[in-house]
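Take a look at the structure set out below.
The values are calculated or read from the model by the stated rules, or taken from the named source; none is laboratory data. Just so it is clear, the structure is predicted and the values come from calculations on it, not from any experiment. A quick note on method: Cβ atoms are made from the backbone with ideal geometry, for glycine too, and the neighbour counts reach across all protein chains shown.
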2 protein chains.
Amino acid sequence: MDGNSNLPQDIVRAIRSVVGNGPLALHEPRFNGNEWVYLKECLDSTYVSSVGKFVDQFESDLAAFTGAKRAVAVVNGTAALHVALRLAGVQAGDEVLLPALTFIATANAVVYCDATPHFVDSEAQSLGMDALALRAHLNGVTEQRGGHCINRNTGQVIRAMVPMHTFGHPADIEALLAVAHDFHLQLIEDAAESLGSTVGGRHTGTFGLMGTLSFNGNKTMTTGGGGAVLTNDIELGRRAKHLTTTAKLPHRWNFVHDEIGYNYRLPNLNAALGCAQLEQLPGFLADKRHLFERYQSAFADVKGVRLVAEPAQCRSNYWLQTLLLDESNANQRDAVLTVTNDAGLMTRPAWALMNRLSMYSNAPKAPLPVAESLERRLMNIPSSSGLLSVMP
Amino acid sequence: MDGNSNLPQDIVRAIRSVVGNGPLALHEPRFNGNEWVYLKECLDSTYVSSVGKFVDQFESDLAAFTGAKRAVAVVNGTAALHVALRLAGVQAGDEVLLPALTFIATANAVVYCDATPHFVDSEAQSLGMDALALRAHLNGVTEQRGGHCINRNTGQVIRAMVPMHTFGHPADIEALLAVAHDFHLQLIEDAAESLGSTVGGRHTGTFGLMGTLSFNGNKTMTTGGGGAVLTNDIELGRRAKHLTTTAKLPHRWNFVHDEIGYNYRLPNLNAALGCAQLEQLPGFLADKRHLFERYQSAFADVKGVRLVAEPAQCRSNYWLQTLLLDESNANQRDAVLTVTNDAGLMTRPAWALMNRLSMYSNAPKAPLPVAESLERRLMNIPSSSGLLSVMP
């Protein structure tokens with residue numbers, strides 16, 4: 001396929017045909033509900049900090065929305081990943097399988113456990129961890145010994161895998177669960193980007209041992225900063241709450257802690273914002289899906305690029321709308337980024353693959369042909385749920 | 001000295017003579033300033049998350065208030081300690097000197113660096129780390145080798161010390177700095193409790209290499225949850241900002257991180273609250289000093305107990321008002337706690353000494369006679385800055 005030499009201008013035109021001239025951010029939050037009411041109520045109660053009714057309500061609302069048996073609110077998505085990995089038994093010297101194509105938090109959380117990330121490839125349809133390639137890689141480099149999956153090259157235990165639902169598109173979680181089962185790995189879902197995304201009607205983050213969410217300001221809904229651990233194991237949920245609240249034993253006045261815990265509590269103030277946002281989430285999701293449909297029409301005739309759609313049997317939250325340039329146009333990626341950003345339409349490329357970062361350049365990894373291709377070709381375009389509300 | 005068998009009732013009477021019948025919390029925040037205005041402005045701007053003008057303003061206001069050259073806002077005091085220890089060069093296998101009488105965060109932050117806390121004694125006047133006892137202990141158990149302070153018993157490097165300004169009363173920081181200098185130790189001040197407390201007119205947290213603050217809901221002022229790193233070293237301040245913001249390199253669109261960093265950003269929403277609170281801090285401090293004076297009169301005639309006053313040449317923020325029972329009345333501590341709490345006057349004892357907690361029971365330690373005595377005799381009484389505003 002030949003390159004499209006008008007691609008940057010074609011992309012600007014297609015985006016503007018949907019959302020207007022801009023300037024437009026990549027993703028902005030919307031506060032059209034009870035945000036102000038709940039924040040005021042929180043302030044008036046004086047319970048703005050580490051305990052309060054909004055924390056309890058946010059946790060129970062999150063559990064209800066996702067269908068998880070327990071949701072534990074924490075200070076951000078990175079903290080949620082750290083605690084989930086600890087509770088999955090990840091310990092010093094272990095390896096943890098991650099997509100090379102992910103945000104830095106997924107890899108850093110592994111290091112916080114004194115473990116090593118082991119990067120694997122993605123597949124082009126879902127943008128998530130490739131189950132087939134992963135199985136082939138593990139067959140090649142691991143052996144089972146004493147019920148553990150051992151990396152023959154490093155001699156270390158591969159303890160867990162952390163698929164990430166990229167830009168809200170669900171990874172092939174059922175196939176990944178089968179690999180985890182066959183290789184005796186724990187599976188933690190990094191669902192930071194996929195609140196509202198489902199696989200066969202079931203919410204992402206509820207398939208593995210635990211799942212993690214993020215409510216950073218750039219996400220589909222926000223608490224300012226915040227995150228959550230999801231689990232269907234009530235005892236693990238209790239342990240997550242204990243570990244994230246300094247592992248203090250309940251007592252009328254004594255301060256006794258029974259293990260090394262973390263101060264990962266979500267303040268009640270931020271939970272108040274979260275309760276208001278969660279009420280509006282179904283509307284945000286509908287608007288984001290509508291935006292996808294409009295973009296899909298607009299990009300149908302643009303040569304050399306495709307808009308990423310949700311995988312079969314899945315519903316995506318369409319957190320960040322994603323364009324993939326054809327390979328023949330990959331060399332125009334930086335030109336497209338320059339022209340769109342210069343035009344006031346904020347766009348961004350994929351994260352640098354984790355294995356390219358200096359601190360992870362020696363980490364174990366599988367061949368990464370698809371992740372490398374996606375890195376060359378991928379970009380996100382303006383995706384806020386409110387974009388169409390100002391357009392006809 | 002004989003015991004006072006009416007002590008519980010005497011204490012209830014003395015507290016009530018100052019602050020009324022209750023019920024009273026140990027410490028409640030006050031929101032009488034621009035909290036509403038700034039939170040609303042923050043929400044309306046949509047910048048509620050990890051960047052925004054309130055974060056910048058809060059950092060510059062904190063630097064101005066404390067006199068530190070740089071303040072970096074972070075997600076809580078524990079995160080501030082963790083980053084300060086990392087920047088002080090604390091690494092796996094090191095030991096860090098801490099008071100046994102402290103909140104769990106001080107010790108846990110050391111463990112997050114894969115280092116070991118080494119507990120030392122406090123002194124009864126300031127309730128802080130005892131410089132004389134520390135010097136004697138270090139003379140006994142350490143030797144200098146290659147510019148490092150080595151614990152002869154464990155063979156490990158003692159890298160740093162973290163004095164904590166207990167309940168807002170400044171530790172003997174000048175004497176502790178001299179010990180740090182003589183034994184080649186970095187000194188980080190845990191000033192979580194001492195915002196507004198000064199030594200010879202200089203703010204606590206600005207004497208050591210770095211200092212750390214907390215704005216948890218129970219503190220003199222609050223951001224819901226939050227903290228800060230203080231330093232007079234501009235380069236260290238820059239490093240603290242980089243490490244706490246995921247170590248991302250600035251770029252128009254690229255996502256490249258150059259070291260293992262942390263997601264320790266204070267959300268703009270919480271910083272907005274902090275800006276409003278900081279404006280009121282001088283008033284909070286004046287009210288807390290006034291409360292101390294009123295308690296001092298009320299307890300002057302109560303036998304068997306004394307109210308802790310600020311050390312000489314220091315000003316305390318009087319965060320938590322503190323009673324010390326005489327040794328002859330120490331056996332009444334739990335009775336006093338029971339009677340006061342039953343009466344609706346919230347009181348609490350000292351934290352369990354760190355060396356008593358299961359996870360720290362094998363950590364290296366100095367003799368702890370004073371900390372053990374304080375643990376037996378100490379309690380905090382209702383201390384909110386607003387208590388007198390409802391009294392004549």
Legend entry - Verdict on B:Ala84 being surrounded by fewer than 24 Cβ atoms within 10 Å (Cβ to Cβ), away from every other protein chain (no Cβ under 14 Å) and in contact with a strand residue (DSSP E or B) (Cβ under 8 Å, 6 or more places away or on another chain): no
Legend entry - Whichever residue in region A:253-273 is in contact (Cβ under 8 Å) with a residue 40 or more places away in the chain and of a type in the set (Phe, Trp, Tyr) and, among such residues, is surrounded by the most Cβ atoms within 10 Å (Cβ to Cβ): A:Tyr264
Legend entry - From the options B:Asp326, B:Asp342, residue that is free of Cβ contacts under 8 Å to residues at least 12 places away in the same chain and more than 30 Å from B:Glu35 (Cβ to Cβ): B:Asp342
Legend entry - Flag for A:Leu127 being within 14 Å of another protein chain (Cβ to nearest Cβ), in a loop (DSSP other than H, G, I, E, B) and among the aliphatic types (A, V, I, L, M): no
Legend entry - In region A:308-323, the residues that are in contact (Cβ under 8 Å) with a residue 40 or more places away in the chain and among the aliphatic types (A, V, I, L, M): A:Val308, A:Leu320, A:Leu323
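Listed here are the residues, each with its yes/no results for (1) surrounded by 24 or more Cβ atoms within 10 Å (Cβ to Cβ); (2) assigned by TED's automatic domain parsing to the domain that holds B:Ser60; (3) assigned to a loop (DSSP other than H, G, I, E, B); (4) in contact with a strand residue (DSSP E or B) (Cβ under 7 Å, 6 or more places away or on another chain).
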residue: B:Ala175; (1), (2), (3), (4): no, yes, no, no
residue: B:Leu195; (1), (2), (3), (4): yes, yes, yes, yes
residue: B:Gly211; (1), (2), (3), (4): yes, yes, no, yes
residue: B:Asn218; (1), (2), (3), (4): no, yes, yes, no
residue: B:Gly237; (1), (2), (3), (4): no, yes, no, yes
residue: B:Lys241; (1), (2), (3), (4): no, yes, no, yes
residue: B:His251; (1), (2), (3), (4): no, yes, yes, no
Legend entry - Among residues of region B:327-352, those that are assigned to a loop (DSSP other than H, G, I, E, B), surrounded by fewer than 19 Cβ atoms within 10 Å (Cβ to Cβ) and in contact with a Ser or Thr (Cβ under 7 Å, 6 or more places away or on another chain), counted: 0
Legend entry - Residues being within 27 Å of B:Val51 (Cβ to Cβ) and at pLDDT 95 or above - total across region A:44-53: 0
Inset, instruction - Spot the failing condition for B:Val110; the list is (1) aliphatic (A, V, I, L, M); (2) surrounded by 24 or more Cβ atoms within 10 Å (Cβ to Cβ); (3) part of a loop (DSSP other than H, G, I, E, B); (4) within 14 Å of chain A (Cβ to nearest Cβ), and only one is missed. - result: (3)
Inset, instruction - Evaluate region B:269-282: report whether one residue or more is closer than 16 Å to B:Arg30 by Cβ, away from every other protein chain (no Cβ under 14 Å), assigned to a loop (DSSP other than H, G, I, E, B) and not basic (Lys, Arg). - result: no
Inset, instruction - Tell me, please, whether a residue that is in a loop (DSSP other than H, G, I, E, B), surrounded by 16 or more Cβ atoms within 10 Å (Cβ to Cβ) and free of Cβ contacts under 8 Å to residues at least 24 places away in the same chain can be found in region B:3-15. - result: no
Inset, instruction - Tell me, yes or no, whether region A:9-18 has at least one residue that is in contact with a Pro (Cβ under 7 Å, 6 or more places away or on another chain) and modelled with pLDDT under 95. - result: no
Inset, instruction - State whether the residues of region B:365-382 include one that is polar (S, T, N, Q) and within 24 Å of B:Val110 (Cβ to Cβ). - result: no
Inset, instruction - Kindly check whether there is at least one residue in region A:67-75 that is touching a residue at least 60 places away in the same chain (Cβ under 8 Å), among the charged types (D, E, K, R) and surrounded by fewer than 23 Cβ atoms within 10 Å (Cβ to Cβ). - result: yes
Legend entry - Selection within region A:283-326 - assigned to a loop (DSSP other than H, G, I, E, B) and either touching a strand residue (DSSP E or B) at 6+ places or on another chain (Cβ under 6 Å) or aromatic (Phe, Trp, Tyr) (or both): A:Val308, A:Tyr318, A:Trp319, A:Leu320
Legend entry - Members of region A:65-75 that are outside any helix (DSSP H, G or I) and either within 14 Å of another protein chain (Cβ to nearest Cβ) or β-branched (Val, Ile, Thr) (or both): A:Val72, A:Ala73, A:Val74, A:Val75
Legend entry - Qualifying positions in region A:222-235 - surrounded by fewer than 24 Cβ atoms within 10 Å (Cβ to Cβ) and either of a type in the set (Asp, Glu) or within 18 Å of A:Leu320 (Cβ to Cβ) (or both): A:Asp233, A:Glu235
Inset, instruction - Within region B:253-268, work out how many residues are in contact with a strand residue (DSSP E or B) (Cβ under 9 Å, 6 or more places away or on another chain), under 18 Å from A:Thr78 (Cα atoms) and part of a loop (DSSP other than H, G, I, E, B). - result: 7
Inset, instruction - Search region A:1-41 for residues being closer than 30 Å to B:Asp44 by Cβ and among the basic types (Lys, Arg), and hand back the single one that is nearest to the chain's Cα centre (by Cα). - result: A:Arg30
Inset, instruction - Kindly check whether there is at least one residue in region A:172-180 that is under 17 Å from the mean Cα position of the chain (by Cα) and over 19 Å from A:Ala71 (Cβ atoms). - result: yes
Inset, instruction - Within region B:356-392, work out how many residues are in contact with a Ser or Thr (Cβ under 7 Å, 6 or more places away or on another chain) and part of a helix (DSSP H, G or I). - result: 3
Legend entry - Search result, residues across region A:317-350 that are within 8 Å of chain B (Cβ to nearest Cβ), within 13 Å of A:Arg376 (Cβ to Cβ) and out of contact with any Lys or Arg (no Cβ under 9 Å at 6 or more places or on another chain): none
Inset, instruction - Six or more apart or on different chains, Cβ under 8 Å: which pairs go from a residue in region B:31-56 that's free of Cβ contacts under 8 Å to residues at least 24 places away in the same chain to one that's acidic (Asp, Glu) and not in a helix (DSSP H, G or I)? Could you list them? - result: B:Thr46/A:Glu28
Inset, instruction - Within region B:220-235, track down each residue that is assigned to a loop (DSSP other than H, G, I, E, B) and either within 14 Å of another protein chain (Cβ to nearest Cβ) or farther than 14 Å from B:Ala68 by Cβ (or both). - result: B:Thr220, B:Met221, B:Thr222, B:Thr223, B:Gly224, B:Gly225, B:Gly226
Legend entry - Residues of region B:19-64 that turn out to be at the interface with another protein chain (Cβ under 9 Å from one of its Cβ atoms), in a helix (DSSP H, G or I) and buried (at least 22 other Cβ atoms within 10 Å of the Cβ), as a count: 3
Inset, instruction - Hey, could you check region B:351-366 for residues that are more than 9 Å from every other protein chain (Cβ to nearest Cβ) and more than 22 Å from the chain's Cα centre (by Cα) and say which is nearest to B:Leu97 (Cα to Cα)? - result: B:Pro364
Inset, instruction - For B:Phe58, work out the one condition from (1) in the same structural domain as B:Leu291 (by TED's automatic domain parsing); (2) touching a Leu at 6+ places or on another chain (Cβ under 8 Å) it doesn't fulfil. - result: (1)
